[in-house]
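The values are calculated or read from the model by the stated rules, or taken from the named source; none is laboratory data. Bear in mind that the values here come from a model prediction, so they are computed numbers and not experimental data. Cβ placement follows ideal geometry from the backbone for every residue including glycine, while neighbour counts extend to all protein chains displayed. Please note that ligands, DNA and RNA were not included when accessible areas were found on the heavy atoms of the full protein model with its side chains. Shrake-Rupley method; radii C 1.70, N 1.55, O 1.52, S 1.80 Å.
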Amino acid sequence: MRTTRWVRRSGAPRLEFGADYNPEQWPREVWDDDVRAMREAGVTIVSLGIFSWARLEPADGAFDFGWLDDVLDLLHANDILVDLATATASPPPWLTAAHPEILPIDRNGNTIWPGGRQHWRPTSKTFRTYALRLVRELATRYAEHPALCAWHVSNELGCHNIYDYSDEAAQAFREWLRSRYRTMDALNHAWGTAFWSQHYGDWSEILPPRIAATQPNPTQQLDFKRFSVDVLRDYYRAEKAILRELTPDIPVTTNFMVAGAVKDIDYTDWVDEVDFVANDHYRHPGPQSLDELSFSANLTGNLAGGEPWFLMEHSTSAVNWQPVNVAKRPGELDRDSLTHVAHGSDAVSFFQWRQSRAGAEKYHSAMLPHAGTDSAMFRSVVALGERLRGLAFVAGTRRKKAPAAIIFDWQSWWAAEQDSHPTDRLLYRREAVDWYTAFLNAGVRADVVPVTASLTDYPVVVAPILHVIPADLGARLTTYVQNGGHLVTTYFSGIVDENDHIWLGGYPGPLRDALGLRIEEFAPLLDDEQAELDNGTTGTLWTDRIEVAPDTEVLASYKTGEMAGRPAVTRHPFGAGSAGYVSTRLGPDGITPVLAEFLSRAGVTSELPPDLRGRVELAVRDNVRFLINRTDDPIDLGPDGRLAPRGVAVLR
Ligand code: GAL
């Protein structure tokens, strides 16, 4: 059972405001300027020491904490809290030189060399020994430091090093498989090894899915993903155990990456590991950029069970790692920050405090840019700090449950996008965000929830590309509908079980009865093909050859070509509820009218006045309403005032 804690501090509730702080990149005298400017901006907290291992332990066993003492004291003297990193994210050169066996190996057998960051094998016992020694030293030294308010384990675990195909990983993978399957027979069954002469006679024959002559075994690939997440969780637990032992009163967390296409860690049960949820988010340019931000913040808030969470990193403006790094436009700094707050974050923190002068991230924006404090950026940061101080009443409030939910499932994301499928064009998260955009267009709030969440209180549940449906999930969804819920799902849902084995007898096996339909064959579309529907929308990517039950209503049919006259969108009354199906990719514009119909049939209406629907996003925390301008134009809120372009109103 999860117990939420928060950064250790006393005083009235407030929203925390801060950044990653990397003072080791600057001469000592700059630190004084830093804290002066932090005070001016109203910074309350910094994450410190994330990449400091080489400075803290310049040689094997020789620790140098003097400079960090100095920084912590300086910050404390200026009332700034420290979320202290365990500094283990990136091993120093002396360590990898002495122990090259900690370097990861990619699937082609190439070594991942030092020179960047995070070049360590999650299964390396040697790495763990050195890293845990550092954690123990740090925790011992700073246990009583009054600035210490939280521990920040490593950094974005798995960001660059999640998949390691070394012999050490192979050994750990075998042990993991042994505890999952117990017997060779069970593994052979799960992996379907009767296929292509893959039958294993002994655990020692098993390898990670290294580069192979053709498509590697799909269940082996899935299990390797699951294993790789578990290994990192185990590593996190090892650091946490030391921190708990030495500093039981200090909460421990690590920053998740619920953001865009970052898909390698299934965070569904990671929330049980952290004392409070922390997340990093960066936007990608594009028409759904803001919707994606809201989607990620929403999912993070629901991973946290509706409790406040901590936005550990986002950017004040451009990043440095996209093909073109777009600067934020006026209003976006506040709007992005407040959208995270609207979805439950009680903190607004950035990567990073002072823009680097050297190194790979010198073009990444920061709170204090190269131009210095006399800059539009710094003035905007100061203004944001002031605004957040005025929103202290938001701190501690919980997300208010929405009238609808979108199910998010990492297992389906992984499985649906594997190779050797009906199409390699399918993108799981894009479909989910498209549905989210359609909810925003309708002005109806939807919670983006992990697949394990209870669905019973949601009148409407959308499950986009819920590809993996184990028997118990199939039963849970069917019961949800029987008991009066309205479920909507899409193409390529309910196709396989947890072993990636097809449900037989017509797709989608576990949902056939509830949906009142049966699919015998998928008919994916080529890039230049489209499927016209008779409701005026257009499908791409996918179609299904559907047979419907007599009592299934066809809401839209295909209009042209081979598929002409066949059902495209259906709805089936089942028990006290209904189950809807969308067999093609409609995109946000096509989903919008289809969703509107599903919502109206389910009796779900917008909480916004008609003229605001679509233009404004509504998010609610207890009695606080956030109205987020989705447009670049001002919006009149009537008695509630006026929203600036890209503006956010927070109303009580
Ligand atoms: C994050 C990382 C930070 C910084 C940032 C840049 O993934 O945790 O250290 O690199 O990206 O956007």
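Worth pointing out:
- Charge tally in the Cβ shell below 12 Å around Ile469, where Lys, Arg are +1 and Asp, Glu are -1, Ile469 excluded: -3
- Within the stretch 97-115, backbone nitrogen closer than 19 Å to the virtual label 7 Å beyond the Cα of Ala54 toward Cβ: 97-104, 112-115
- Nonpolar atom fraction for the stretch 236-379, defined as the carbon and sulfur part of the 1.4 Å probe accessible area, stands at 55 percent.
- Accessible area (Å², 1.4 Å probe, nearest 10) - Tyr282: 30
- Qualifying trypsin sites (Lys or Arg not before Pro) for the stretch 251-330 [loop in DSSP, other Cβ within 10 Å: at most 15]: Lys263
- Sum of side-chain charges, Glu156 neighbourhood, beta-carbon under 13 Å (Lys, Arg +1; Asp, Glu -1): -3
- Theoretical gain in end-to-end length, Phe63 to Glu40 [0.36 nm per residue, Cα-Cα removed]: 4.9 nm
- Inter-part distance where the stretch 595-638 and the stretch 136-201 are each reduced to a Cα centre, Å: 43
- Mean projection of the Cα convex hull over all viewing directions, computed for the stretch 452-600: 8.6 nm².
- Note on His284 and Thr479: their simple-model spin labels are 3.7 nm apart, each label 7 Å out from Cα toward Cβ.
- Checking every one of the GluC sites (Glu not before Pro) in the stretch 295-372 against DSSP loop status and a limit of 10 other Cβ atoms within 10 Å picks out no site at all.
- Spin-label model distance (nm) - Ile502 vs Ala212, 7 Å beyond Cα toward Cβ: 1.8
- In loop segments of the stretch 101-201 as defined by DSSP, the trypsin sites (Lys or Arg not before Pro) with at most 10 further C-beta atoms inside 10 Å of their C-beta are Arg182.
- Per residue, the chain reaches -9500 deg cm²/dmol at 222 nm when only DSSP H runs of four or more residues are counted, each adding -39500 (n - 2.57).
- Amide hydrogen proximity for Gly580: with H placed 1.01 Å from N in the peptide plane, the residues at 5 or more positions away or on another chain lying under 5 Å are Leu487, Val488, Thr489, His572.
- Taking Tyr130, Tyr436 and ordering them by how much accessible surface each has at a 1.4 Å probe, largest first, produces Tyr130, Tyr436.
- Pairs beyond 32 Å (Cα-Cα), from Lys263/Lys362; Lys240/Lys328; Lys362/Lys401; Lys328/Lys400: Lys240/Lys328; Lys362/Lys401
- Here the gap between Asn535 and Asp249, fully extended at 0.36 nm per residue and compared with their Cα-Cα distance, gives a gain of 97.0 nm.
- Once the chain from Glu553 to Val326 is taken as fully extended at 0.36 nm per residue, the excess over their C-alpha distance is 77.1 nm.
- Alpha-carbon Debye profile of the chain, log10 I(q)/I(0) at 0.09 Å⁻¹: -0.80
- Cβ-Cβ FRET estimate between Asn108 and Ala644, R0 fixed at 41 Å, reported to 0.05: 0.20
- Working from label points 7 Å from Cα in the Cα-to-Cβ sense, the Ala564 to Arg237 distance is 6.1 nm.
- For Arg233, neighbours were defined as the other residues whose beta-carbon sits under 9 Å from its Cβ, and their charges (Lys and Arg +1, Asp and Glu -1) total -3.
- The chain - accessible surface per residue (Å², probe 1.4 Å): 38
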